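The values are calculated or read from the model by the stated rules, or taken from the named source; none is laboratory data. Bear in mind the structure is a predicted one, so any value in this text is a computation, not a measurement. Ideal geometry is used to build each Cβ from the backbone, glycine not excepted, and the neighbour counts take in all protein chains shown.
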Amino acid sequence: MTIDFRFLFKLFLRRLHIFLLVALPVAVAGAWLAFALPARYVAEARLLVESPQMPQELAASTMRAGSAEVLQVIQQRLLTRTNMLEMSRRFGLHADQPNMSPDAIVADMRRRISMGLPGHHDGAAVVRVAFDSEQSDLAADVTNALVTQILRENVALRTAVVTQTLAFFDEELARLEEEMQSQTERILQFKQENRSALPDSMAYRRARQATLQERAAQVERELASLRDRRERLITVFERTGRIEGAGEGLTSEQRQLQELRTEMARALVVFAPENPRLRSMEAQIKALEEVVAAQIGASPDTMTGMSALDLQLTDIDAQMEFLASQKSMIERELEALAVSIEATPEIEVTLEGLERDFENTQQQYNQAVARRAQARVGERIEAQSRGHRITVLEQAVAPELPAKPNRRAIAMAGAGGGVALGFGVVMLLIVMNRAVLRPSEVSSRLGMVPFGAVPYFRTRREILLRRSLVGAAVLVIAAGIPAGLWWVDQHYLPLDFVMGRIAERTGIDALISTLRGAG
């Protein structure tokens, strides 16, 4: 099947009015938009994101978030609803549209702000911040305000992170110090309550126990010896009337007392009781009795008339009483030592648990001290802007020429779109028309060969009427579309905002942003 381009061209000419009705309004609307859209000025500032100035292995900041993450956080804070409304109010960006809703203002502000973020890397990167407005000076002012806010937010974010880190470790150290103090008091109280059974004195108590056991055995032997001596003295005295070993075991005062008593008994045979010599001897005897009474623990009155046997028995009884008291004291101490030695293992386990808890807390405290020192270094790094920092490479200046719209491109796009749409409509009508239009179609469909073809002849009136209708339609469309766009721009929303919404809803803006990023 061959295509008859000449025939198709004739059919196109017959439907030229349809082509014009479709193409002309689109081209007119495109041209009107190209010259009706207000000029938009874009002011751009450039920021430099630098890597840390201090080597990480020598002094690291406690701010672990990378520059890309920090910039994303800053971007989200900039584009908050409150900030957008505040910036619009401060610069009067929507003062000429008092009926514009807050949602529309926020959407318009977010659309007009452009912030190009760098990728995820550790080196220096450039951030471009831009804002478009109908006034060049206003675009530069808003862009510089955004730059100032970015720098302020960066400092505030980093300072807040390092300050919170340092405050956390300060609180942790205070908590650990209080816990260590409490544990120290518990250990001290436990040691005071169990000071007689502490593991540290175990060796001393065992040695003391052995010494006391040996001393108890010695006291027992001395007591047995004194008991035998006492019984022997009594037995010998009862049998012989004499004291075995009268001078043995006596002190010098006791022996002197015995000698004075013997000498006085002899002197009484020769001298009278009033003799001065006898009186002197009585005074000496009385003084010695007081000394001996003090030695044996008896009263001086009982010493008068005591024999040598009584003196020795009294002395032996005093020694036995002293040894018995010593034995009792030793037994009590041995009993206390046995109880403390038996309780020492349990006390040792408990004390080790308390000391282990204290050592764990001490280790946590030491780690917290080291980390607080790191946090303090990180705070100084951020305070002196030695970490990741953002500096201004170029401030925004008022542009001399508008950045958009591209009027020529819009007009050419409108004309091209109108021609393509008109041509498409005409070709669609031609393809969908199933009527017989030429003799060859009669032969192909009916199988008959026609004798000839007579065209349809229109009257002059029909021709004028058709042309008038086409002209009126073209005029109405050409005037109506611009008028409708003008009404939307003046009474509803600005055309640039409407087009931005359409681009946002259709995804064209995302595609454009992707192409810009790829470029």
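Does segment 365-382 contain at least one residue that is aliphatic (A, V, I, L, M) and at pLDDT 90 or above?
no
Can you tell me which residue among R175, R206 is out of contact with any strand residue (DSSP E or B) (no Cβ under 7 Å at 6 or more places or on another chain), farther than 28 Å from D317 by Cα and without any contact (Cβ under 8 Å) to a residue 12 or more places away in the chain?
R175 is the lone residue from the list that is out of contact with any strand residue (DSSP E or B) (no Cβ under 7 Å at 6 or more places or on another chain), farther than 28 Å from D317 by Cα and without any contact (Cβ under 8 Å) to a residue 12 or more places away in the chain.
Each row is one residue, and each column tells you yes or no for (1) on the phi > 0 side of the Ramachandran plot; (2) part of a helix (DSSP H, G or I); (3) at pLDDT 85 or above; (4) surrounded by 13 or more Cβ atoms within 10 Å (Cβ to Cβ).
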| residue | (1), (2), (3), (4) |
| --- | --- |
| T163 | no, yes, no, yes |
| F169 | no, yes, no, yes |
| E185 | no, yes, yes, no |
| Q213 | no, yes, yes, yes |
| A217 | no, yes, yes, no |
| A224 | no, yes, yes, no |
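Surrounded by fewer than 14 Cβ atoms within 10 Å (Cβ to Cβ), more than 29 Å from the chain's Cα centre (by Cα) and either at pLDDT 80 or above or not assigned by TED's automatic domain parsing to the domain that holds T159 (or both): does that describe A95?
yes
Is it the case that I150 is at pLDDT 80 or above, under 35 Å from the mean Cα position of the chain (by Cα) and either under 27 Å from V397 (Cβ atoms) or of a type outside the set (K, R) (or both)?
Spelling it out, I150 is indeed at pLDDT 80 or above, under 35 Å from the mean Cα position of the chain (by Cα) and either under 27 Å from V397 (Cβ atoms) or of a type outside the set (K, R) (or both).
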